[in-house]
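Here is the structure we will look at.
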Amino acid sequence: MNRSVLDARRLLCPLPVIRTQDRVRDMAPGEQLEIRCTDPGAIHDIPAWCRMYGHRVIGIREASGEIAITIEVVLDEGTGRR
């Protein structure tokens, strides 16, 4: 399993989602991405983005004002897009 980390700390909405989308574009299906955020809105925005594009949320952790959201990249069978 390949897991990457995206540092989106100190970025405000919509930048954590935009940076996530940009990173996922370069990843292969099955790879995991841990997004580290400080924007409390990201805890809802990134999972909503995942639902829209079919990626899976593996886990969400909160500690000391930071949020870590781990997602798995899924290939859309219908379009072949990530």
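If I filter the range 48-70 down to residues being in a helix (DSSP H, G or I) and closer than 21 Å to residue 28 by Cβ, which single residue comes out as most open to solvent (accessible area, probe 1.4 Å)? I'd like the intermediate steps shown before the answer.
So the first thing to find is which residues in the range 48-70 are in a helix (DSSP H, G or I), and the list is 48-53.
Retained after the next criterion (residues that are closer than 21 Å to residue 28 by Cβ): 49-53.
On the way: 49: 22, 50: 1, 51: 176, 52: 143, 53: 93 Å².
Once the filter is applied, the top-ranked residue is 51.
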What is the residue count in the range 7-31 for residues that are under 19 Å from residue 74 (Cβ atoms), open to solvent by less than 20 Å² (accessible area, probe 1.4 Å) and either in contact with an Asp or Glu (Cβ under 7 Å, 6 or more places away or on another chain) or not hydrophobic (A, V, I, L, M, F, W, C) (or both)? 1
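Consider the range 23-36. How many of its residues are assigned to a strand (DSSP E or B) and over 10 Å from the mean Cα position of the chain (by Cα)? Steps first, please.
At the first step, the residues of the range 23-36 found to be assigned to a strand (DSSP E or B) are 32-36.
Now drop any that are not over 10 Å from the mean Cα position of the chain (by Cα), which leaves none.
Total meeting the criteria: 0.
The values are calculated or read from the model by the stated rules, or taken from the named source; none is laboratory data. Fair warning: this is a prediction, and the values are worked out from it, not measured in the lab. So basically every Cβ, Gly included, is an ideal-geometry build from the backbone, and we count neighbours across all protein chains shown. For the accessible areas, the whole protein counts, side chains as well, though only heavy atoms, and no ligand, DNA or RNA atoms are used. Shrake-Rupley method; radii C 1.70, N 1.55, O 1.52, S 1.80 Å.
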